[in-house]
Amino acid sequence: ERNQADVSEAKAGRTDLIFLIRFRHCCLLRNQRCIVAYLYDRLLRIRALRWEYGSILPSAIQFHMSAEEVEWFNRYKKSLATYMRSVGGEEGLDLTQDMKPPKSLYIEVRCLRDYGEFEIDDGTTVLLKKNSQHFLPRWKCEQLIRQGILEHILS
Amino acid sequence: MAEAYFPVGPGLGPEENFLSLDDILMSQEKLPGRAETSLPRLAFALGQGSGAGSGDSIPEGSKLEVPVWLAKGLRDSKRRLISVELPKIYKEAWRTVFSADANVVDLHKMGPYYYGFGSQLLNFDNPENPEIAQTILQASTFISRFRRIMDSSQNAYNEDTSALVARLDELERALFRAGQKGLNDFQCWEKGQASQITVSSLVQNYGKRKFTEMDG
């Protein structure tokens, strides 16, 4: 508001105030740039979360996101899902799987934290307790490994 | 390896990237300059501090230190508001030091954004611009230091690199990190760990931080 007052004064003839106006304008632009860059960087990280963590964010992270960011994340999820469905033929292709080239269908995993029961495709459930080892199909475990619940063991 | 997070990088040459955090930090660095006209009411803002309260004006010709973003903004008009001088490190004396042996200089101490800041200086018309440009880019600094950076980044595997990195400015550090990452990835592949699914580093970092409140 102070800038506006100065602007009207300057137009009225005091030309030496131009510097002040420019100065304030520069500061305002600078603040705007910093804010925008910060918010944009947050969005970039949230987008990375979708690829690294999965489609459901832990509540601790969601707590720190603003409502608009949550909305953005949901919309991004939706467009990603639409795209993935359109890409691979009838069922679609899950691009977030197999980020590293797979060597085998089943992998050996060790549990790092207590997770509870986990059901595999053929109906059997596996109880994931800390330090228990299992031999499980790759596509089911990949997300849990990325979330830090399981650990992939190489023989 | 957080593969999915791609931050906005710094701009090339005299242009900055609006959204790049590196560029914002870099343009915060100060330039020495002089006020060309008297500047009313700004004594408090630009740190002069003397005089009767906040109503003072800065007399003509007094020395100021302004950050680059301010200098660029005030420069746009007919060049009568502020004039900037080159900081010491870009002047003649230092340029001869660089041409003598560029590897010795501790660029991190001289302002951690030597290359970026120098590129911004080219925006202000200055009779020494071509020499500055040459010094920054060519045989004097970048090229001669680059070889050593490349060498050390490719050969220091699993070692403590802080001694090597301490004398590099931000651009060189980014290059160094890229070289190290390539080296690490290659070693990973050689050991057969390339197919191991890993926890993303984002997740690891979130796990380490303590959140003050957790919803159920």
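Being at pLDDT below 70 and closer than 24 Å to B:LEU70 by Cβ, is that true of even one residue in the stretch B:145-163?
no
May I ask you to list the residues in the stretch A:108-146 that are in contact with a Pro (Cβ under 8 Å, 6 or more places away or on another chain) and surrounded by 12 or more Cβ atoms within 10 Å (Cβ to Cβ)?
Listed by number, the residues that qualify are A:ILE120, A:ARG138.
Which ones in the stretch A:32-90 are under 24 Å from B:GLY9 (Cβ atoms) and more than 14 Å from every other protein chain (Cβ to nearest Cβ)?
The answer is A:GLU69, A:TRP72.
Please return the ranges of helices (runs of 4 or more DSSP H) entirely within the stretch A:52-155 where 1 or more residues are in contact (Cβ under 8 Å) with a residue 40 or more places away in the chain. First the steps, then the outcome.
Details: elements: A:59-64, A:67-87, A:138-146.
Answer list for the stretch A:52-155: A:138-146.
When the stretch A:91-137 is examined, which residues are found to be within 16 Å of A:GLN147 (Cβ to Cβ) and of a type in the set (A, V, I, L, M)?
Listed by number, the residues that qualify are A:MET99, A:ILE107, A:VAL109, A:LEU112, A:LEU128, A:LEU136.
The values are calculated or read from the model by the stated rules, or taken from the named source; none is laboratory data. The model shown is predicted, which means the values in this text are computed figures rather than measured ones. Note that each Cβ is placed from the backbone with ideal geometry, even for glycine, and that neighbours are counted across all protein chains shown.
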